[in-house]
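Peer 1: Structure in structure tokens, see below.
The values are calculated or read from the model by the stated rules, or taken from the named source; none is laboratory data. Because the structure is predicted, anything quoted here is derived from the model rather than measured. As a convention, Cβ positions derive from the backbone with ideal geometry for all residues, glycine included, and neighbour counts pool all protein chains shown.
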Amino acid sequence: MKSRRHFLKSSSALIALPFLESLGFCRFASAAQIATPPKRLVFLGFGWGITEETWYPDIKTPGPDYELPVGLKPLARHKKDFSIVQGLWNQYSVEGHAGSTWWLSGANKFAQPGQSMHNSVSADQVAAGQLGMHTRFSSLQLNGGERGEASGHGPGLSMAWDQNGKPVAGLNDPVQAYHRLFSNDETPIEEQKARLAEKRSVLDTVLENARSLQRGLGKDDNEKLSEYFQSIRDIETRLSKEEKWIGVDRPDAPIAEPRTGLEGKSEVALMYDLLVAAFQTDSTRVITYRQPAGGVFLNSIGVDVHPHDMSHYVTTKGEKLAASQKRDLTNSSLLADLIDKLKATKEADGSSLFDHIALAYGSNIRSGHHLSNCPTLLTGGGAGIKLGENIVVQQDTPLCNAWLTLLHGVGVEAERHGDSSGALKEILA
């Protein structure tokens, strides 16, 4: 018995459907007939760090037989399916509360003379360049509703940074993300094509003018212009992808449209649902989520402490410590629920979404202004990493070694990433 259809055809492309039984794969198809589910990569980052005394396992008990610390207790049912990695850091991080700006890039803020801030490509965008070729969205950037200093995240429009180290915009609330994923453009196809043609015409004119300007420029100006040309090429790539998907309806949403006004804990839970839905429908294979961790999030869990004050808790007692620990428990509970959903979401071949995903959860900051030993939790069966262990690596090992290993694990070809010194063999299964 063959599947009803495996592809959608538009006027300009033949596009593979998501790997969903209900959208074309027969329940009784042979293993040879069912395509292997794709790999997915997701980074969940939060600001303000964690409560280090109650979040990290004891470094004296590495391996699978460690005692789960209090801050991770809500994850107990998944203990065999995630690992904590201790000893990682971004050596160039110098700002105590810029939690996500350099978390995925490992860049040196001062690498470019004369510039007050420099960044380089983030790991998710490296993956998007290869994993995103066959999906409507090369990557998806989700943001918490909180922005600015109170969020604990630092500069950037999301956690993603493009090939030039420029910020990539994100979707700032669940309703916006839902409609981006599942609401069709009702504009007539011919009008959509005309709109794209107009954008291409503008790009061509700009590019021609820039090339004329290039003659006679000095070295520094030529370097700036080369970066500009790369930006133009990136826009051309996005327009080409947009053109290929004209006339192809977005998939039916596997979840209900969210109501407006969700904040804090409720927002995180819904963004996690949207994350699963995006992978389930193969709308994208790469996602980042810059999670809220500021005052709105704390208020949603009954905490009335400023997030900055909370991150400078006293280790023995007090409301700051209690706030930090409650925050950890809430985040661990939300993550546990997400892992439940990843395991429950089935692929066409009978495996689960969890089996084909690599998920990194953590922050660029430990607590206070401490930037070493970045809290790092890895889960998912998609990258061939060890699960169920307390992994302690050599102190100050580049965090980008872990990102490089995850990239390799999901099939992304990359020689290095950021300040990486090689793959992190300690996390390989």
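Peer 1: Of all residues in the range 235-285, which are part of a loop (DSSP other than H, G, I, E, B), closer than 27 Å to E191 by Cα and either more than 22 Å from the chain's Cα centre (by Cα) or not hydroxyl-bearing (S, T, Y) (or both)?
Peer 2: If the condition is that a residue be part of a loop (DSSP other than H, G, I, E, B), closer than 27 Å to E191 by Cα and either more than 22 Å from the chain's Cα centre (by Cα) or not hydroxyl-bearing (S, T, Y) (or both), then W245, I246, G247, V248, D249, R250, P251, D252, A253, D282 are the ones that fit.
Peer 1: Taking L353 as the residue in question, decide whether it is modelled with pLDDT of 95 or more and buried (at least 19 other Cβ atoms within 10 Å of the Cβ).
Peer 2: yes
Peer 1: Can I ask one more? Report whether or not S283 is in contact with a Pro (Cβ under 8 Å, 6 or more places away or on another chain) and in contact (Cβ under 8 Å) with a residue 12 or more places away in the chain.
Peer 2: Considered against the rule, which asks whether it is in contact with a Pro (Cβ under 8 Å, 6 or more places away or on another chain) and in contact (Cβ under 8 Å) with a residue 12 or more places away in the chain, S283 comes out as yes.
Peer 1: The conditions are (1) surrounded by fewer than 15 Cβ atoms within 10 Å (Cβ to Cβ); (2) modelled with pLDDT of 75 or more; (3) within 26 Å of the chain's Cα centre (by Cα), and E227 fails exactly one of them. Which is it?
Peer 2: Of everything listed in (1) surrounded by fewer than 15 Cβ atoms within 10 Å (Cβ to Cβ); (2) modelled with pLDDT of 75 or more; (3) within 26 Å of the chain's Cα centre (by Cα), E227 misses just condition (2).
Peer 1: Here is a list: I365, I385. Which entry is of a type in the set (A, V, I, L, M, F, W, C) and farther than 14 Å from I84 by Cα?
Peer 2: Going through I365, I385 in turn, just one is of a type in the set (A, V, I, L, M, F, W, C) and farther than 14 Å from I84 by Cα: I365.
Peer 1: Given the criterion at pLDDT 50 or above, in the same structural domain as V276 (by TED's automatic domain parsing) and part of a strand (DSSP E or B), identify the matching residue among G71, G45, G49.
Peer 2: After ruling out the rest, the residue left standing is G45.
Peer 1: Still on this model: Does A111 satisfy the condition of being surrounded by fewer than 21 Cβ atoms within 10 Å (Cβ to Cβ), more than 25 Å from E242 (Cα to Cα), among the small types (G, A, S) and without any contact (Cβ under 8 Å) to a residue 40 or more places away in the chain?
Peer 2: So A111 fits the description; yes.
One line per residue, one yes/no per condition, for (1) buried (at least 21 other Cβ atoms within 10 Å of the Cβ); (2) farther than 30 Å from G295 by Cβ; (3) over 14 Å from the mean Cα position of the chain (by Cα):
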| residue | (1), (2), (3) |
| --- | --- |
| N119 | yes, no, yes |
| A123 | yes, no, no |
| A127 | yes, yes, no |
| H134 | no, yes, yes |
| S139 | yes, no, no |
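Peer 1: Across the range 265-315, what is the total count of residues that are within 26 Å of R40 (Cβ to Cβ) and small (G, A, S)?
Peer 2: Matching residues across the range 265-315 total 6.
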